[in-house]
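Visitor: Sharing a structure here in structure tokens format.
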Amino acid sequence: MAKYDATAYLRLSYTADQSEESDSITNQKKLVEDFVAAHPDITLVNERVDDGYSGVLFDRPAFQEMMQDITQGTINCVIVKDLSRLGREYIETGRYLRQIFPAYGVRFIAINDGIDTANEHNGDDLNISLKNLLNDTYCRDISVKTRSALLSKRKNGEYVGACPVYGYRKDQENKNQLVIDEDTARVVRDIFRRRIDGASAKRIADELNRLGIPSPLAYKISRGLPHPKKGYADSQKAKWSAHAILRILQDETYTGVLLQGKQSTHNHKIKDIIEKPAEEWIRTENAHAPIIRKQDFELVQKIMGLDTRTAPDGDAVYLFSGILICRSCGGRMTRKTNTVKGKKYIYYHCPTGKKHGCEHPTMLREDELTACVLESLQAHIRNVVSLEKLLDSISEEQINQELIAGFKSQIAENEVQLEKAMQFKAALYENFVSGFLDKKEYRDLKNQYTAQIEQRREAIESLRKEMEQASANTNDRLRWTQHFKEFSTMTSLDRRAVITLIQCIHVEGKNNLKITFRYQLEYQQAKARLETTKEAV
């Protein structure tokens, strides 16, 4: 009687805890052990376990180890609970059963399916083919249902990821809801604060490493939390890196927005990742509690869009970096330092110069520039605060009447244009039948009026929503003023104030600066609203 050295191949598609052997794996092992005990011609040499791997693909680690045992002659028998444990992909599973295993003289046994290739009556080709085909079909159906269920959850604003972003964790009572992890949220807030204060991404990473704060990957590994294979670390030591900091600073999740569906695959058999365009992402506002205020997040994005170079040995970004623009040539002005007779002079100048086309290059001392900008900023803040107080002195009812009247006027105008477009469209067919329009003209005009009708309807709906919002929440009108009021007691200029309140500074000469403040449009609209309301009183 032939003797066989066997491996027990055990597989489970998914397990909630990768650190513990699942009951299903345990049951599979017991079934194989009982089978081997009843067959003295088989010796169980080892076990190969793929816990948490799909049967569609064959790049599973334990499966590859088993194949290495086969090619090295360590084993000549493979035992599984059923055929689906070996694989669920029809073509590839069939190739192993009909070509690869026979080529190495391997006996294959699927206990529950009654398949044993040593017994031709139990392992006939038709029986195996039918079971293999059913397994493949089952896998395809499960994939379709799973994709559909995940898409539905994403559209409902439910979190379906396996690894929550650093700063959040899954709610213990609802795994589809993110909640703030205060231990790491404090680090996220500190990262944003440091960046707004002018620290570079590398400087922030170095400081976090110096303080011994675990990186996201190290934190999750230390607590046994799910984590991606590629984390925020730049090496196996799981240290913070500038790249890790930038990823956090650019992640809108921290504002309470849930962005899902960024990636996909062709189908359940081809697992190559497809990066989807941003317009196809599923976006849910206010899906979870924010860690970072939206205005702070937006401010950081503006900061990273500017020229934020530092000195070679510096830790912070220069005060006016990326803000100062030469009005003559449009180039960004550069900070320079000169030392004359032991005295240091710091100034800004246009690097383009006359040689390269700048007709009126200007040079400004940093201390004079700082004093001028500080004075202008303080004056503008006082104007904003005064404007807010004046608007607050007017009754909410008066302001509401003005806002709602404006919305009603716009809605009425759109309704008139909508009615005209519908009338013109209704008359098209009659003109076509009468011979005034040919077929192409009829189709083109019909499409044109259909688009106009849809556009007007969308505009009306949008205006109605804005009118309802204005009626229900009038305090939102002047929310932008809080950005300025936050600095109302400012006595010195810092990078945070410059970036928060100033969009750009155009230098027209040593004594001529044009400062464009942020929220300039909102400021002008508020002034116009105040004048309009006063006239109506």
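The values are calculated or read from the model by the stated rules, or taken from the named source; none is laboratory data. Bear in mind that the values here come from a model prediction, so they are computed numbers and not experimental data. Please note: Cβ atoms are built from the backbone with ideal geometry, for glycine as well, and neighbour counts cover all protein chains shown.
Visitor: Take region 350-365 and flag every residue that is out of contact with any Phe, Trp or Tyr (no Cβ under 6 Å at 6 or more places or on another chain) and charged (D, E, K, R).
Guide: Matches in region 350-365: Lys354, Lys355, Glu359.
Visitor: Moving to a separate point now. Filter region 351-372 for residues that are under 21 Å from Thr516 (Cα atoms), surrounded by 14 or more Cβ atoms within 10 Å (Cβ to Cβ) and free of Cβ contacts under 8 Å to residues at least 40 places away in the same chain and give the result.
Guide: Pro361
Visitor: Looking at (1) modelled with pLDDT of 90 or more; (2) under 16 Å from Pro290 (Cβ atoms), which is the only condition Arg193 fails?
Guide: Going through (1) modelled with pLDDT of 90 or more; (2) under 16 Å from Pro290 (Cβ atoms) one by one, Arg193 breaks only (1).
Visitor: Whether any residue in region 501-510 is small (Gly, Ala, Ser) and modelled with pLDDT of 85 or more is what I want to check.
Guide: no
Visitor: Then there is this: Of the residues that sit in region 516-537 and are among the hydroxyl-bearing types (Ser, Thr, Tyr) and over 17 Å from Cys504 (Cβ atoms), which one is modelled with the lowest pLDDT?
Guide: Thr533
Visitor: Enumerate the helices (runs of 4 or more DSSP H) found wholly within region 197-264, keeping only those where 3 or more residues are within 15 Å of the chain's Cα centre (by Cα), at pLDDT 90 or above and closer than 16 Å to Arg186 by Cα.
Guide: 242-249
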